[in-house]
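I have placed the structure first, in the form of structure tokens, so that the comments after it can refer back to it.
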2 protein chains.
Amino acid sequence: MANNELSKDLDPIESFTMADVVELKLREYIKRKSFKPGDSLPKELELAEALGVSRNVLREALSRLRMLGMVETRKRRGMVLARPDILGTMERVLDPLIIDKDTLQDIFELRLVLEMGLAELLFSRKTEQDIKDLEAIAKKENGADKTFRIKNEIAFHGKLYEITGNDTLKRFQIMLLPIFGYVVTLEDQPTRGKVTHQDLVEILKTGTKEDFRIGMFEHLKPHFDRLTKPSGV
Amino acid sequence: MANNELSKDLDPIESFTMADVVELKLREYIKRKSFKPGDSLPKELELAEALGVSRNVLREALSRLRMLGMVETRKRRGMVLARPDILGTMERVLDPLIIDKDTLQDIFELRLVLEMGLAELLFSRKTEQDIKDLEAIAKKENGADKTFRIKNEIAFHGKLYEITGNDTLKRFQIMLLPIFGYVVTLEDQPTRGKVTHQDLVEILKTGTKEDFRIGMFEHLKPHFDRLTKPSGV
């Protein structure tokens with residue numbers, strides 16, 4: 001484990017390609033110059049010369065910045081700085097099959113932390129229409145089969161994130177769903193707490209933030225119970 | 001705004017390069033084949049032929065996957081699938097100067113949500129040494145100047161994340177710090193709530209999860225007050 005830590009912090013030098021180095025230099029350059037979205041970058045040839053690298057290597061590095069959404073090509077203007085999509089690249093790698101077990105567990109916990117922390121935003125931003133939408137979702141749940149219940153679970157919690165009015169948070173939780181689902185399917189425990197979705201809606205209507213947090217904890221309790229098991233940590 | 005939404009969902013076709021398409025195809029291929037870390041990928045020449053693209057374009061796309069940490073080159077084995085660092089690429093683009101105002105606000109709120117949701121993990125994982133460390137940080141604060149107070153603020157909240165034992169969560173909050181700091185400096189409000197760090201430590205020692213959440217809310221209240229202002233949404 002300690003060795004693993006060390007190899008995380010220090011990459012072997014040989015594993016750096018020229019493109020890695022040029023990409024890093026370009027990102028440093030963009031920061032240092034305080035470039036803003038819309039600003040033009042110097043021409044490829046000038047950049048390659050200044051860095052003392054071939055145009056192929058420079059293009060490879062620029063291609064990475066394009067993937068990150070940091071630069072884009074505009075007609076007649078060449079490369080300009082763009083607004084990166086901060087979740088876009090993470091989205092590309094969030095695959096339960098290639099993420100290690102510890103990180104999967106971390107992400108599972110991260111989502112529990114988020115759900116427990118939503119109360120302030122929910123109570124300050126919920127509308128009557130939101131409550132109606134949640135009620136409609138919660139009602140459909142009765143007597144549904146397992147596949148439907150999972151879809152419904154996603155719809156209900158997704159709607160909660162939507163009520164926060166925070167697009168980044170909402171997209172983030174959608175990205176985390178497959179991971180959460182994957183970890184849950186590894187479990188054989190029942191995943192339903194005493195407090196149901198309908199109870200949570202009722203609390204949102206007539207209760208307080210504190211009531212909601214206590215209710216959400218009870219709702220998520222099967223997951224929290226699992227965390228305290230030594231094997232889960 | 002509506003137009004902006006649409007252009008977020010539908011990229012103009014012309015803005016896709018061959019490398020974008022090949023990168024997407026490769027990621028789909030890796031998922032479909034259920035490749036796992038350590039598995040070898042087919043040779044460059046074979047991939048280029050199967051996709052009907054030049055080796056330069058293929059290399060550009062592979063270079064992006066290497067940046068994402070999805071593949072790595074091993075001596076005598078060629079390209080193998082690797083474990084991507086899910087936060088690594090986001091780290092590259094989290095620059096307050098290039099992120100748009102709405103996203104900065106979203107990230108600011110995301111951090112408040114996280115802090116409010118930490119109580120369960122803190123109470124189930126805190127040790128006596130953790131409490132001592134927090135006390136030491138909180139004590140240093142008295143009478144310190146502004147620069148020191150900010151450092152101390154970071155140290156205190158950073159230690160809370162550390163106590164969760166969740167490395168992903170801890171790294172995530174470290175990444176968000178510059179954004180949080182940037183948004184706070186745009187404010188002229190005082191940023192200190194009635195509940196101090198020392199109060200929070202006391203609650204961690206002798207209080208309940210619910211007490212802690214109420215305390216944390218009071219601690220963060222100047223930030224929450226700001227959110228409810230219509231201009232802040």
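Annotations for the structure displayed:
- Qualifying residue in segment A:170-179 (condition: assigned to a loop (DSSP other than H, G, I, E, B), modelled with pLDDT of 80 or more, within 10 Å of chain B (Cβ to nearest Cβ) and under 17 Å from the mean Cα position of the chain (by Cα)): no
- Among the residues of segment B:191-218, those identified as over 12 Å from B:Phe123 (Cβ atoms) and of a type in the set (Asp, Glu) are B:Asp199, B:Glu202, B:Glu218.
- Here B:Asn166, B:Asn152 are screened, and the one residue that is more than 14 Å from chain A (Cβ to nearest Cβ) and either in contact (Cβ under 8 Å) with a residue 12 or more places away in the chain or touching a Lys or Arg at 6+ places or on another chain (Cβ under 8 Å) (or both) is B:Asn152.
- The residue pairs whose first member lies in segment B:70-82 and is within 8 Å of another protein chain (Cβ to nearest Cβ) and under 9 Å from B:Ser40 (Cα atoms), whose second member is of a type outside the set (Phe, Trp, Tyr) and assigned to a loop (DSSP other than H, G, I, E, B), and whose beta carbons are closer than 8 Å, counting only pairs six or more residues apart or on different chains, are B:Leu81/A:Ile98; B:Leu81/B:Lys36; B:Leu81/B:Pro37; B:Leu81/B:Gly38; B:Leu81/B:Asp39; B:Leu81/B:Leu41; B:Leu81/B:Met70.
- Annotation note: of B:Lys205, B:Lys132, B:Lys194, B:Lys151, the sole residue that is farther than 30 Å from A:Lys101 by Cβ and either at pLDDT below 85 or surrounded by 17 or more Cβ atoms within 10 Å (Cβ to Cβ) (or both) is B:Lys151.
- For first residues located in segment B:49-65 and under 15 Å from A:Val57 (Cβ atoms), partners that are outside any helix (DSSP H, G or I) and β-branched (Val, Ile, Thr) and lie 6+ apart or on another chain with Cβ distances below 7 Å form the pairs B:Leu62/B:Val71.
- The C-beta contact set for segment B:185-196 (first residue in the same structural domain as B:Gln105 (by TED's automatic domain parsing), second residue among the hydrophobic types (A, V, I, L, M, F, W, C) and at pLDDT 60 or above, distance under 7 angstrom, 6+ apart or interchain) comprises B:Thr191/B:Val184; B:Gly193/B:Leu220.
- For A:Gly143, the conditions (1) surrounded by fewer than 16 Cβ atoms within 10 Å (Cβ to Cβ); (2) modelled with pLDDT of 80 or more; (3) not polar (S, T, N, Q) all hold with the exception of (2).
- Yes/no for B:Lys159 being under 20 Å from the mean Cα position of the chain (by Cα), assigned to a helix (DSSP H, G or I) and in the same structural domain as B:Lys126 (by TED's automatic domain parsing): yes
- Qualifying residue in segment B:40-55 (condition: modelled with pLDDT under 95, under 28 Å from the mean Cα position of the chain (by Cα) and among the charged types (D, E, K, R)): no
- Residue count for segment A:120-129, restricted to those that are more than 7 Å from chain B (Cβ to nearest Cβ), in contact (Cβ under 8 Å) with a residue 60 or more places away in the chain and either touching a Lys or Arg at 6+ places or on another chain (Cβ under 6 Å) or not hydrophobic (A, V, I, L, M, F, W, C) (or both): 2
- Scanning segment A:83-101 for residues that are within 8 Å of chain B (Cβ to nearest Cβ) and out of contact with any helix residue (DSSP H, G or I) (no Cβ under 9 Å at 6 or more places or on another chain) turns up just one, A:Asp100.
The values are calculated or read from the model by the stated rules, or taken from the named source; none is laboratory data. Because the structure is predicted, anything quoted here is derived from the model rather than measured. A quick note on method: Cβ atoms are made from the backbone with ideal geometry, for glycine too, and the neighbour counts reach across all protein chains shown.
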